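Single-structure report; data block below.
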Amino acid sequence: MLLAALLLFGFLFALGTRGLNEPDEGRYANMAGEILEDDGHGWLDPVLSDIHHYDKPPMIYWVTALSIKAFGYGEAATRLPSVSGAILSLAGLGWAAWRLYGAKTAWWSLLVCGTMVQFWALARWLTPDMFLTGWVTLAIAVWVECRHRDGSWKWWLASLFCWSMAWWTKATPSLIPLLGLYVALIVTQDERGRKALRFPLLLPAIILLGSPWYILMMQEHRDLVHFFFGRELVGRMAGHVDGRKGPIYYYLIISLLAWLPWWPWAATAAKCREWRQGWWRRSPELWIVVSGLAVFSLAASKLPTYTLILAPWAALGMTRLILPLEERRNLRLALWGTAAVWMALSLTTALLIVSHESKLGRNSSLREVLTYLQQHGAKKVYADSYWPSLEVYFGEEVYYVTKRDLVQTKADEDVAAESAHFLNTEKFNRLSATELSGSWLIHYRKQRLNLHVPSKSPVVIGDFELIPLTAE
């Protein structure tokens, strides 16, 4: 209970002191807010700045909207889905580790996982990845219980429910740990586990339960067939349109950073005799991680957050290597010291980053920018880049002078053309003095300003210039 309290404190500490970071947090908060608006958007069709947006299934938008409705529109409320995903992940990891290897392994695996860089950071960051990780980890834990109970159908159905929730959160990435688990059962020759998993039945059942929303959307918008199967499925494997590319060893480098501070300890412990005697043959968690890294490495689309779903099992594998070291008194103190120092550094970082939140380039928060504009009586805000959190902080009087690259279906082309939030450069330059009254332009300093604006000295906040718009 003390460990749980400490980890939860680490996730919640200063959770709302940092503004929403772009682009992910701003986008998901924007879409959750659209659900709650009284303009008929509804809960099934995800909407981003009044334009339909189908990159993800709707689960993350739903839970974020419910959190905002329950706790109010604030940074902490928007991030609670990620905190809840972290709790689900640790619950699943502890459960699985306890069943497979005992209480001591379970306890240390929670400490290791909860203090890993990637896990701690994304527990405090609004993306679908942590919520996805929570359901996937819990699904594997329920399978472990099903295995323990000789393939009980009740527990198998509970596992299917968790896998389905993971699918509704981020679709096909949820299947990567399942593939890894199946590979692990083959390599470790765990016939009992294979019977409990019922993979030939489980996989189509997950897809069947996860398909209703996709079918409904494709019936309403026929061009989504190509979008889902072409851009989102094949495109992410062959080369994503968002330019998320990297070398084949990309995730090996990312893992060395994301899984600090524990992998150096595990690498040291791997030299022990147990490793040479075939420890890897009795470690299903190892094969979940290896298989997942292989799939992600072969896929063209690269992003550091993708491997989060492997982090709990990497933590379990590292824990099993580290535990023999923990039996030595001097090394036990060093392990405790590692956890304490790393948590202190994490909490300090959480406080320090607030003073730099508008200086992070494309990942900056615009909260400080909008606070300044509100204090100086801004009535309208224009921006020469697309920052979805502007609507979260300022409201509907936000206008983007940029290309409309949000359109994903033909049905949205007319909506985008008439959108209240988007206008082209020519239209902006024709705005009258009355229309510009009380308006400011937010210019991202790291790109060229291609708009005709008054030559008054701008206000500089971090990576942004704030330019008052008045008639010449």
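The values are calculated or read from the model by the stated rules, or taken from the named source; none is laboratory data. Since we're looking at a predicted model, the values are computed, not measured. Please note: Cβ atoms are built from the backbone with ideal geometry, for glycine as well, and neighbour counts cover all protein chains shown.
A few points about this structure:
- For the range 141-168, taking the residues that are in contact with an Asp or Glu (Cβ under 9 Å, 6 or more places away or on another chain) and of a type in the set (S, T, N, Q), the one that is farthest from TYR61 (Cα to Cα) is identified as SER152.
- Boolean, SER84 is of a type in the set (Gly, Ala, Ser), within 28 Å of GLU34 (Cα to Cα) and in the same structural domain as SER346 (by TED's automatic domain parsing): yes
- Considering (1) touching a Gly at 6+ places or on another chain (Cβ under 7 Å); (2) part of a helix (DSSP H, G or I); (3) of a type in the set (S, T, N, Q); (4) under 30 Å from LEU466 (Cβ atoms), the lone condition that SER358 does not fulfil carries the number (2).
- The range 4-30 residues that are surrounded by 16 or more Cβ atoms within 10 Å (Cβ to Cβ), paired with ones that are among the aliphatic types (A, V, I, L, M) and in a loop (DSSP other than H, G, I, E, B) (beta carbon under 6 Å, 6 or more apart): PHE11/ALA123; GLU25/LEU126; GLY26/LEU20; TYR28/LEU126; ALA29/LEU20
- Residue in the range 32-49 that is more than 13 Å from the chain's Cα centre (by Cα), part of a loop (DSSP other than H, G, I, E, B) and either assigned by TED's automatic domain parsing to the domain that holds ALA166 or crowded, with 21+ Cβ neighbours inside 10 Å (or both) present: yes
- Conditions (1) buried (at least 16 other Cβ atoms within 10 Å of the Cβ); (2) of a type in the set (A, V, I, L, M); (3) in contact with a Phe, Trp or Tyr (Cβ under 8 Å, 6 or more places away or on another chain): number failed by ILE254: (3)
- Cβ-Cβ under 9 Å pairs, at least 6 apart or on other chains, the range 221-250 side in the same structural domain as ALA300 (by TED's automatic domain parsing), far side exposed (fewer than 13 other Cβ atoms within 10 Å of the Cβ) and modelled with pLDDT of 70 or more: MET237/LEU298; GLY239/LYS245; GLY246/ILE253; PRO247/ILE253; ILE248/LEU298
- Residue among SER432, SER457, SER419, SER437 that is surrounded by 14 or more Cβ atoms within 10 Å (Cβ to Cβ), polar (S, T, N, Q) and at pLDDT below 90: SER419
- Consider the range 290-329 and keep the residues that are among the β-branched types (Val, Ile, Thr) and farther than 13 Å from THR133 by Cβ. The one that is surrounded by the most Cβ atoms within 10 Å (Cβ to Cβ) is THR319.
- Residue in the range 56-71 that is touching a strand residue (DSSP E or B) at 6+ places or on another chain (Cβ under 7 Å) and not in a helix (DSSP H, G or I) present: no
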